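Accompanying notes for the structure given below.
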Amino acid sequence: MISFAFLHRRIILHCCGVFFLLINSGICAQTPTIDSLKHQITLTVNDSIKSHLYERLGYEYLYFKPDSALLYIDRAITIAELAKNKSASAAGYNRKGTYYVLQSKYPEAIVEFQKALPFFKKTKDSVGLAESYCNLGALDFYLRDYDSSLANFQEASNYIDSLKQVNLYSKLITNLSGVYREKQQYDSSLYYAKKAIDYIKNDKENRIIAVIYFNLGTAQYYLNQYDIAISSLNHAIAQPDIPVQFKILSKSYKSQALLALGKVEEANDELQDLEAQVESLNDQYVALEFYKSKQKVFEAKENTVEALNYAKKYIELNNDIHNREQTAILQNIKVKFDTEEREFENEILRADSEIQAIQIKNQRYGIWGIAIFIFLLLLMVLIIYGMYNLKAKNNTILKDKQSVLNEYNRNLTTINREKNKFFSIVAHDVKSPVAAILSSANMLHSNLESFTSEELEKLASELKSQSSNLHYLLEHVLIWAKSQMDGFKFVSKEINLKVFIEHLYNNELVFIKRKDIKILCNISADIVLISDPQVVQVVLRNLLNNAIKFTPNGGVITFDIEEKKNFHYIHVSDTGVGMTQDKIEKVLVNKERYTVEGTANEVGNGIGLILCQEIAKKAGGEITATSSVGKGSTFTLALPVLKD
């Protein structure tokens, strides 16, 4: 039988609230017990006893062979229904609900507990009814259906004798305190927490006391009673057996209360050495409250960077929880709708049966029979109408949830589009080094016999250098692209710009030499800027490639830098063919693909500058250009000045 308290001494935690389920005593299945039960089954012919033995056998298998447990539980239910034993049926469905709880299939567990309720009512088993409603309340809370959770807990209170069943009643009102807190009815939450303290005074279960004082402290916190909230939370933390989840949560709320009193350093001390525990605990709801507390502390200390870091962690985790909870809510709505639909169908069948019985019994009383028939028919119409309205309301809820899922799908589409852009960047960056290696290889193949050994050695050395550069480029570009698969992320580091640019044009040396282009770098060796190296590399490599492409033989490409108005301006100038202002705006402003052949008939795909402009803007900068047809162009990458 399931009852309301602990699930094998493990507390189910959700959204800073605690809810208890209890599976009757027993630690694990013992082979002698199983053998004894199986032997008793072979000896008995009484179906009620046999059903009880199968249900007990299912319990013994529950924790180490769940599939076998389910098989025996279903057999117990089948036998109980054939024997029309209501108590045995209730026990079987309750045990099946327990099985689904242990499998974390909460909607299915709700269905089984609901099946047990009518049998408990027919047998007038008040303890069974109280425990079942409490279990339903706990599961509804876990699925964030707080109204249903509250209704079930209040229904459970009708079957509990608060004087005789003190432990059960104290846990019930502790749960009510948690529900009212999540419904933001903090006065009610405070009331039930204080009431639970009065009932638990003589209880020796320290972890229950810890939970009650945690509920009390959080309610006081939300009611802005910060001093007494801190006192209550300290009482919770001081309990010897307080679960680690509640210790972290209590410290998080205590930190927030201290912040509200202006005690920033005390608030910060309260959270020290907790992050490793939070990460190892792997409990998203505990992590969420901890991140919020850390963000508030860093805001109070005016540490914007760390505050933003924890704010980002909070938002990402909250979105993940929200998406998972939306799925659970939809499942719960469907289960409840299916249950209500079955109840409606049973109601119609029962009504039909009653009508037929009345017609057979009262044939002599035709007028009365017709009147009763009309009455029942109207009743059915009202029931159908009511169920229709309920179904329409549920459909509206489902549509709202579907719109949320559609928004999530649109976000996934946006992320996928970003991934495609990164693949384009990788392809664009890799194309030039591959072309250089291919050119050298073709030269070697076509003139193999005419080369001297010194020329062959020089060409082989050049091929080795080009291959190494390509391997370096591929390794870093692919690592960067992989890190950006969920959208643009920027990691700023110190960059020695002169060394950085020299490495860039060394990778393009084959094409530079082929066109006899002169490279001038008017950048001091001691200039260091702080930015994302991969972003700078992608953009400057693209600008250098374009300059090489459109500069004729014997031309000059120049690198310059200047700093003004909190921005670094890196200029890449060439003495190439130039372009008109409308072509510049077409690419950099309107983001339209535009491509022409280079001075040596080089081809392109017209997307490089568009992607680079987008990356630069996401990094807080932009690309601008000035050009004169026949005289050359200057492309400028503007990046914000960042400090260590």
Item to complete: Select from the stretch 138-154 the residues that are outside any helix (DSSP H, G or I) and among the charged types (D, E, K, R) and write down the one among them that is nearest to Val111 (Cα to Cα).
Response: Asp145
Discussion item. Restricting to the stretch 113-153, name every residue that is in contact with a strand residue (DSSP E or B) (Cβ under 9 Å, 6 or more places away or on another chain), surrounded by 19 or more Cβ atoms within 10 Å (Cβ to Cβ) and farther than 17 Å from Arg181 by Cα.
Written reply: Phe113, Ala116, Gly128, Ala130, Glu131, Ser132, Cys134, Asn135
Discussion item. Please go through the stretch 273-326 and give me each residue that is crowded, with 18+ Cβ neighbours inside 10 Å, under 22 Å from Tyr142 (Cβ atoms) and either out of contact with any helix residue (DSSP H, G or I) (no Cβ under 7 Å at 6 or more places or on another chain) or of a type in the set (Gly, Ala, Ser) (or both), ordered by number.
Written reply: Ala287
Worksheet item: So which residues in the stretch 549-572 are over 47 Å from the mean Cα position of the chain (by Cα) and either buried (at least 21 other Cβ atoms within 10 Å of the Cβ) or farther than 14 Å from Ile519 by Cα (or both), if there are any at all?
Response: Phe550, Thr551, Ile557
Worksheet item: Which residues, taken from the stretch 192-240, are of a type in the set (A, V, I, L, M), surrounded by fewer than 18 Cβ atoms within 10 Å (Cβ to Cβ) and part of a helix (DSSP H, G or I)?
Response: Ile228
Fill in: Candidate set: the stretch 155-191, residues that are crowded, with 16+ Cβ neighbours inside 10 Å and basic (Lys, Arg); chosen: the one modelled with the lowest pLDDT
Lys171
Worksheet item: Here are some residues: Tyr253, Tyr285. Which one is in contact with a strand residue (DSSP E or B) (Cβ under 7 Å, 6 or more places away or on another chain) and either more than 17 Å from Glu306 (Cα to Cα) or modelled with pLDDT under 95 (or both)?
Response: Tyr285
Fill in: Matching residues in the stretch 129-167 - criterion: being farther than 18 Å from Ala90 by Cβ and of a type in the set (Val, Ile, Thr)
Val166
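For every residue, the table says whether it meets (1) more than 21 Å from Asn506 (Cα to Cα); (2) under 43 Å from the mean Cα position of the chain (by Cα); (3) without any contact (Cβ under 8 Å) to a residue 60 or more places away in the chain; (4) not in a strand (DSSP E or B).
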site	(1), (2), (3), (4)
Asp582	yes, no, yes, yes
Ser627	yes, no, yes, no
Phe635	no, yes, no, no
Lys643	yes, yes, no, yes
Item to complete: Kindly indicate whether Asn420 is loosely packed, with under 14 Cβ neighbours inside 10 Å, under 26 Å from Leu540 (Cα atoms) and at pLDDT below 65.
Response: yes
Discussion item. Based on this model, can you work out whether Ile79 counts as crowded, with 19+ Cβ neighbours inside 10 Å, in contact with a Lys or Arg (Cβ under 6 Å, 6 or more places away or on another chain) and of a type in the set (A, V, I, L, M)?
Written reply: yes
Worksheet item: Looking at (1) of a type in the set (Lys, Arg); (2) crowded, with 22+ Cβ neighbours inside 10 Å; (3) without any contact (Cβ under 8 Å) to a residue 12 or more places away in the chain, which is the one condition that is false for Arg541?
Response: (3)
Discussion item. Suppose we filter Asn507, Asn469, Asn545 for residues that are within 46 Å of the chain's Cα centre (by Cα), farther than 25 Å from Lys618 by Cβ, at pLDDT below 90 and among the polar types (S, T, N, Q); which single one remains?
Written reply: Asn469
Worksheet item: Can you tell me which of Leu22, Leu62, Leu37 is of a type outside the set (S, T, N, Q) and either at pLDDT 90 or above or over 30 Å from Ile212 (Cβ atoms) (or both)?
Response: Leu37
Fill in: Subset of the stretch 268-293 that is of a type in the set (D, E, K, R) and part of a helix (DSSP H, G or I) - its residue that is nearest to Ala257 (Cα to Cα)
Glu270
Fill in: Residue in the stretch 146-154 that is closer than 12 Å to Leu172 by Cα, more than 30 Å from the chain's Cα centre (by Cα) and either modelled with pLDDT under 90 or not β-branched (Val, Ile, Thr) (or both) present
yes
Worksheet, complete the sentence: Quick count over the stretch 85-104, residues being touching a strand residue (DSSP E or B) at 6+ places or on another chain (Cβ under 7 Å) and charged (D, E, K, R), is 0
Fill in: the stretch 241-267, residues that are under 18 Å from Leu288 (Cα atoms) and part of a loop (DSSP other than H, G, I, E, B)
Pro243
Discussion item. Being touching a residue at least 40 places away in the same chain (Cβ under 8 Å) and over 24 Å from Tyr133 (Cα atoms) narrows it down to one residue among Ile230, Ile248, Ile237, Ile242; which is it?
Written reply: Ile248
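The values are calculated or read from the model by the stated rules, or taken from the named source; none is laboratory data. Everything numeric here is computed off the predicted structure, so don't read it as measured data. Note: ideal-geometry Cβ built from the backbone for every residue, glycine included; neighbour counts use all protein chains shown.
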